[in-house]
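Worksheet: one structure, shown below.
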Amino acid sequence: MSQAGRTPGQEGRRAGRTQAVVLLYQHDLTDLPMEQLIANVERDRGRPIDEFTRALVDGVSVDTVSVDTLISSAADGWTADRLAPLERNILRVAVHELLDWPEVPAAVSINEAVELAKIYCGAEAPAFINGILGRIAREVRASEQNA
């Protein structure tokens, strides 16, 4: 779909996913408290982060261990802690969506993660992320596969 054909909600969610990945990535690299990182973004932007971004960040932060366990089990010989921090956090956001946002189709969560990887990661990352998320989606969203 062209950019002109997107609804504001789609662009808002895409920006929210990007911001969530960036915040989680910064937290991974700096180990600064998430609240401090959010306050920095809000200060720099002059407005609060949106509710969708906040929900993604909070959801991943609360559930990191189980999300990372799913990623590790689907990553064929890799563990989440061995992945590049940016790829790991793209996966975390998408897996959180797959687990806790059933109203978002699995294909949308996966596509958004792959698009982020195309923009911000190396050439092999999009296919790697697609494969991991496809395995996880088949497990946690089996009902969508049968619809």
- [ ] Could you please let me know if N130 is part of a helix (DSSP H, G or I), farther than 22 Å from L23 by Cβ and modelled with pLDDT of 95 or more?
- [x] yes
Open item on the list: Just to check your reading of the model, which residue among A39, A94 is of a type in the set (G, A, S) and closer than 15 Å to Y25 by Cα?
Closed with: A94
Task: Matching entry among L32, L56 (being within 18 Å of T18 (Cβ to Cβ) and either at pLDDT 95 or above or assigned to a loop (DSSP other than H, G, I, E, B) (or both)) - done: L56
- [ ] Give the number of residues within the range 92-124 that are within 10 Å of the chain's Cα centre (by Cα) and acidic (D, E).
- [x] 2
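Residue by residue, here is whether (1) in contact (Cβ under 8 Å) with a residue 24 or more places away in the chain; (2) acidic (D, E); (3) touching a Pro at 6+ places or on another chain (Cβ under 7 Å) holds:
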{"residue": "G16", "(1), (2), (3)": "yes, no, no"}
{"residue": "L23", "(1), (2), (3)": "yes, no, no"}
{"residue": "D31", "(1), (2), (3)": "no, yes, no"}
{"residue": "A39", "(1), (2), (3)": "no, no, no"}
{"residue": "D50", "(1), (2), (3)": "yes, yes, no"}
{"residue": "R54", "(1), (2), (3)": "no, no, no"}
{"residue": "V65", "(1), (2), (3)": "no, no, no"}
{"residue": "A74", "(1), (2), (3)": "yes, no, no"}
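The values are calculated or read from the model by the stated rules, or taken from the named source; none is laboratory data. Quantities reported herein were computed from a predicted structural model and do not represent experimental measurements. Positions of Cβ are backbone-derived with ideal geometry, glycine not excepted, and every protein chain shown enters the neighbour counts.
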